[in-house]
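Inspection log for the structure reproduced underneath, given as structure tokens.
What follows draws every value from the coordinates through simple rules; no lab data is involved. Values in this document were obtained by computation on a predicted structure and should not be read as measured data. FYI the Cβ positions are ideal-geometry reconstructions off the backbone, even for glycines, and counts take in every protein chain you see.
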Amino acid sequence: MTTTLTPEAQREMLRQMQIIRRFEERASDDYIAGKIYGVVHCYIGEEAVAVGVCAALNRDDQIISTHRGHGHCIAKGADLNRMMAELYGRETGYCKGKGGSMHIADFGIGMLGANGIVAGGISIVTGAGLAAQMEGKGRVAVSFFGDGASNAGPFHESINIASAWKLPMIYVCENNLWAASTAAATTLAQEDVAARAAGYGIPGVVVDGNDVLAVHEAALEAVARARAGEGPTLIECKTYRQRRHTERPGQVDYRTDDEIAAWMDRDPIPRLVEHLKGQQGQLTDAEWAAMDSEIMATIQSSVDFAEASPFPRPEAALEDVFAD
Ligand SMILES: Cc1ncc(C[n+]2csc(CCOP(=O)(O)OP(=O)(O)O)c2C)c(N)n1
């Protein structure tokens, strides 16, 4: 792993990745315990993508997420209490407890929303890229999406128009090798999603998505290009979800034990920990343990906040509904 980032900046990336990890471990436990409703898709194993990309963005840059959205929310600066309260279905949550895991948005920090429609966010955030271009203040917009979503129409339509209009967009494909139960290898016409960029006349970059520093480097370059008015970049991050598609108990996992084990060895968090420890002691065991305990305490506070919050009033069911 190589970088020009300061040790402090790298430790902050580690902290962000561990917050995502601990938030989701708790969300999974509480979902299985029946305290969280709806469905929970964990991003565990893919944290380096959200963190590496969002560290290259400003607060007013905008991102859009997927059904697997907790990591993107946290990396863009979302409030953990409001996130946990939303998962718990409470009135203090981001959607007043009526949206759940797949509908968290926070426009104030440039997080335009998770989205339960596979590929649905790609065209929405391309519109945000057009708005950013028209506004002319140098903002950029980022679309996160999976390998499965890259086979859907909005991917192609959006990248085509973004390239034709040189929109300040960064398209980040999180290729975790599986779309629910479908292996990417059986549905991608070419091994690399990034190769498709050539068809739209934009750069396509393949990056180790479990190396936060490599993801960050690629993102910095793409952001600079977008801010300079040179148009979009497609970054394909090769990564892996360590969990099954959702946390629903009893769900079948089609993946082999060997494949899972090989990727567990490339877990992005221990990789950065080892890198920092090896870099003239930029992280000690004691510092890492202290960082983790502080994170665990923050996650516990978010659960306490959620549990102390009321459920929405039944009469609120039809409030904030924008369509008849
Ligand atoms: C339009 C649409 N089709 C199908 C689904 C059901 N579905 C939910 S997640 C998923 C797989 C998505 O795979 P990918 O885009 O690779 O993202 P990943 O789950 O791997 O993060 C599918 C098919 C959906 N939510 N929306």
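For segment 234-324, the equivalent ellipsoid built from the Cα gyration tensor has semi-axes of 36, 25, 15 Å, listed from largest to smallest. Simple spin-label estimate for ALA308 and GLU259 gives 4.5 nm between the two label positions (7 Å along the Cα-to-Cβ direction from each Cα). Give me the aspartates and glutamates in straight-line cross-link reach of LYS238: C-alpha distance below 16 Å, same-chain residues under 8 apart excluded. Hits, sequence-local ones excluded: GLU46, GLU47, ASP147, GLU174, GLU191, ASP192, ASP208, ASP211, GLU217, GLU259, ASP265, ASP267. I'd like the FRET efficiency for VAL252 and LYS35, computed as 1/(1 + (r/R0)^6) with the beta carbon distance as r and R0 of 22 Å, rounded to 0.05. Once rounded, the FRET efficiency stands at 0.35. With contributions of -39500 (n - 2.57) from each DSSP H run of at least four residues, the per-residue ellipticity at 222 nm computed over the chain stands at -13500 deg cm²/dmol.
Here segment 7-307 is treated with +1 on each Lys and Arg Cβ and -1 on each Asp and Glu Cβ, and its dipole about the Cα centre works out to around 820 debye. Couplings for segment 84-92, taken from phi via the Karplus curve 6.51 cos²θ - 1.76 cosθ + 1.60 with θ = phi - 60°, read 5, 4, 5, 4, 7, x, 9, 4, 7 Hz in order; Gly and Pro are left as x. Around the amide H of ALA55, modelled in the peptide plane, lies no amide H under 5 Å away from a residue 5 or more places distant or on another chain. Whole-Hz Karplus values for segment 95-101 come out as 10, 6, x, 9, x, x, 3 Hz, taken residue by residue from phi with 6.51 cos²θ - 1.76 cosθ + 1.60 and θ = phi - 60°; glycine and proline positions read x. Amide H contacts of VAL205: LEU234, ILE235, GLU236, each under 5 Å away and 5 or more positions distant or on a separate chain (H built 1.01 Å from N in the peptide plane; Pro and chain starts excluded). Here the gap between SER181 and ALA198, fully extended at 0.36 nm per residue and compared with their Cα-Cα distance, gives a gain of 3.3 nm.
If you take all C-alpha pairs in the chain, what percent of them are over 39 Å apart? For the chain, the fraction of Cα-Cα distances above 39 Å is 9 percent.
Treating each Cα of segment 65-150 as one equal point scatterer and applying the Debye formula with no solvent, the log10 of I(q)/I(0) at q = 0.24 Å⁻¹ comes out as -1.12. For segment 155-234, the convex hull spanned by the alpha carbon atoms encloses 86 Å³ per residue.
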